[in-house]
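In what follows, a single structure is set out as structure tokens and then discussed.
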Amino acid sequence: RCVVLRFLKFPPNKKKTSEEILQHLQNIVDFGKNVMKDFLGENYVHCGSRCDKDLDTLSGYAMCLPNLTRLQTYHFAEHRPILCVEIKPKCGFIPFSNDVTHEMKHKVCRYCMHQHLKVATGKWKKISKYCPLDLYSGNKQRMHFALKSLLQEAQNNLRIFKNGELIYGCGDARSPVADLKELAHHLKPFFFPSNGLASGPHCTRAVIRELVRVITRVLLSSSDKGRAGALRLGLQGPRVCEASPFSRSLHHQGKNTPEHSGLPKGCLLYKTLQVQMLDQLDIEGLYPLYNRVERYLEEFPEERKTLQIDGPYDEVFYQKLLDLSTEDDGTVAFALRKVQQYRVAMTAKDCSIMIALSPYLQGTSSDQRPVIPSSRSRLAFSVSVLDLDLKPYESIPHQYKLDSKIVNYYSKTVHAKDDTVRSTRFKEHEDCTLVLHKV
């Protein structure tokens, strides 16, 4: 059967009972089914089911999920070649909250700032040119640039599988699995260059370009309605990130901002962005509300279950998320609603999109899925979302500290360097005199 088994990762010191693990798995299934399926759409979210077989010596429980590196709708593995691209797009907007105290956060996105800290601490070797705002722009030119940047520096934001095997991306924190030349060799059966070149750098570039075009088309396609229209959060704040190399190159050319096309409302990126924007207050505005809930729980610990902090994630939980009012009435109910919305938003900021592609077999009755054109032939595709576990309530203090660390490091190093360059330029020409004549 074309399925995978998922086991929970718990630190060794947190040995949970079988009942606790069973409840945790049930919460994951319920959250996917009752919340994320409604937000993102029926076809994109696969909730899985519990498997209570003797598989895990610790608890005996695992989750049974479809293998998302394969085309969905097939219950059994098949023999045609299948390519799967996994993208972790991250947060696609710049905070618009008035609670933000660091001006830098209104100009540069979290991902671009975090890159500098990750390289400084040795997690990655070099800074990626990828900026999530380019991918979420809906502008094909910017999306192509974002995807090419991911291919050049995949980190843990892009992986490519062929017939279920990882062929490109990071196997661990620092070593890439393959280079672009090797990747192009794998991709040729799917995207044979239209110019007929069979090898060499031109062939590699043509194949990679075609992959980028196809992924962009799939990301902009809409194949599922669902109840995802429940959220209507208009994009506020800047639509470009000042640190994006794409925006910077345009700025050097004398253009202020790249053309903004906007995402089609039915596509998965649009729906994901809407859920991310449930984080209306930013962690800086959210943290005092978290402390309000914490104080209440210290006084009334028995209320934790009533407040649904650890589930059940049912229709009642979902309906409360739809209240987007930001006027604080000082109540615990308001604080809790914003905390829960933040947790759901953080889940959407960290999810992965799986795009499975396979040559379209005309006349096959089982091929009832959407099709996209490529240079060589048409490709059948399916899109799914992965990593949709609700972010833990307890992780909020960590997020608050990490946010401060990211912004402070970026401000001290990168921004300070920019200021030095600017002031040096000014000193070079300070003997110039500007004369104004009345006209």
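The values are calculated or read from the model by the stated rules, or taken from the named source; none is laboratory data. None of these values were measured; they are calculated from a predicted model. All Cβ positions, even for glycine, are placed from backbone atoms using ideal geometry, and neighbour counts span all protein chains on display. We work out accessible area using only protein heavy atoms, side chains counted, and drop any ligands, DNA or RNA first. Shrake-Rupley method; radii C 1.70, N 1.55, O 1.52, S 1.80 Å.
Label the range 376-416 by shape, choosing from rounded, prolate and oblate, from the square roots a ≥ b ≥ c of the eigenvalues of the Cα gyration tensor; if a/c is under 1.5 it is rounded, and otherwise prolate applies when a/b is larger than b/c, oblate when it is not.
Details: a/c = 10.64, a/b = 1.70, b/c = 6.26.
Oblate, because a/c is 1.5 or more while a/b does not exceed b/c.
The figure for Tyr410 is an accessible area of roughly 10 square angstrom, using a 1.4 Å probe on the protein chains alone.
In the context of the full set of protein chains, residues of the range 270-380 present 43 Å² of accessible surface per residue (probe radius 1.4 Å, heavy atoms only).
Taking 7 Å steps out from each Cα toward its Cβ at Thr121 and Lys401 produces label points 1.1 nm apart. Computing FRET efficiency as 1/(1 + (r/R0)^6) for Arg378 and Glu302, where r is the C-beta to C-beta distance and R0 is 41 Å, gives about 0.10. For the range 106-166, the carbon plus sulfur part of the accessible surface works out to 46%, probe radius 1.4 Å.
For Thr331 and Val4, what is the calculated FRET efficiency with R₀ set at 41 Å and r taken between the beta-carbons, to the nearest 0.05? Each step should come with its number before you reach the end.
Details: r = 43 Å, r/R0 = 1.05.
Calculated value: 0.45.
Note on Thr17 and Leu166: the model spin-label points, each 7 Å out from Cα along the C-beta direction, lie 3.6 nm apart. Our coupling estimate for the range 19-33, obtained by passing each phi through the Karplus curve with A = 6.51, B = -1.76, C = 1.60 and θ = phi - 60°, is 5, 5, 5, 4, 5, 4, 5, 4, 4, 4, 4, 5, 5, x, 6 Hz, Gly and Pro reported as x.
Which of the peptides 93-102, 276-285, 208-217 is most tightly packed, and how do the rest follow, judged by the mean count of other Cβ atoms within 10 Å per residue? Don't jump to the answer; show the numbers that get you there.
Values: 93-102: 18.1, 276-285: 22.1, 208-217: 19.8.
Per-residue Cβ counts within 10 Å, averaged per peptide and sorted highest first, yield 276-285, 208-217, 93-102.
For the pair Arg295 and Glu394, what calculated FRET efficiency results from E = 1/(1 + (r/R0)^6), where r is the Cβ-Cβ distance and R0 = 22 Å, to the nearest 0.05?
Details: r = 16 Å, r/R0 = 0.71.
For R0 = 22 Å, the calculated efficiency reads 0.90.
Taking all protein chains into account, the per residue accessible area for the range 116-155 stands at 39 Å² (1.4 Å probe).
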